[in-house]
Ligand code: FPP
């Protein structure tokens, strides 16, 4: 959680979340999948508000994978509309709470109004210092890595640090982002689904049985507590031995 950037030590805590289970939450209640996504966006607000109180400095939420384009058009359109609404509705709250809001992933397949909303929210919140909230839309970790690699010159000397910087550029993250410390997946499945593959090399994984719309402040706090109990060795021997 300590990182050195431009010679300054920063204490960072990066939590990434695969928000899974909106559809099952809805269908188990006889509702449409879109209702599940709508309820899921309320959980996004709850979790984003609680995160700074748990000393989370970067929160990355997986909202739409590049493979999600394969879903029915009405579900995709509904999700895109939710993202658009979210960016406009949350801008003021983010400014008031010192939250910097960014969107990572490909932009070229998003509609022009959504791209404009992203730009507007990123510009308006760019001075936020309390936490960096990143929403992953049209995101694929493997595509990001490939697109970054394809920008390298053949004989270029490449270090992990340089690659991470280029990867952040590919993802529209701006500066280098800290590695993921804690990766949470809701909805009971135990897989990474092409999310943050480079950045999660040493992430601690926590899987929750709860469907995303039910995931609340206490669940986030419990996942963070579990993280703090883990013995992170990064390949070295434990200091506890
Ligand atoms: C996965 O659950 C969830 C998604 C593909 C969409 C995530 C979107 C939100 C949480 C709401 C909107 C977000 C923002 C940032 C406003 P699923 O639909 O695959 O659920 P299932 O596995 O139960 O079918």
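Summary table below
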| item | result |
| --- | --- |
| Virtual spin-label span in nm between residue 172 and residue 149, 7 Å along Cα→Cβ | 2.4 |
| Neighbour-count ranking [beta-carbon atoms within 10 angstrom, fewest first] of 202, 84, 62 | 202, 84, 62 |
| Descending principal axes extents, the chain, alpha-carbon based, whole Å | 51, 44, 35 |
| Stretch gain in nm, segment residue 197-residue 159, where the contour uses 0.36 nm per residue and the Cα spacing is subtracted | 12.0 nm |
| Gaussian network model of the chain, springs between alpha carbon atoms under 10 Å - residue of 110, 79, 59 with greatest fluctuation | 110 |
| For the stretch 92-181: Kirkwood Rh in Å [reciprocal of mean 1/r, alpha carbons] | 14.2 |
| Dimensionless Rg ratio for the stretch 1-110, taking C-alpha atoms and the 2.2 N^0.38 Å reference | 1.22 |
| Max mean-square fluctuation residue, GNM over the chain, Cα-Cα springs under 10 Å, options 228, 78, 132 | 228 |
| Hull shadow area, averaged, the stretch 180-241 [alpha-carbon convex hull, nm²] | 4.9 |
| GNM result for the chain, Cα springs below 10 Å: residue of 46, 155, 134 fluctuating most strongly | 155 |
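Here, each number is a calculation from the coordinates, and none is a lab measurement. Quick caveat, the model's predicted, so the values are computed rather than measured. Don't worry about glycine lacking a Cβ; one is built from the backbone with ideal geometry, like all the others, and counts go over all protein chains shown.
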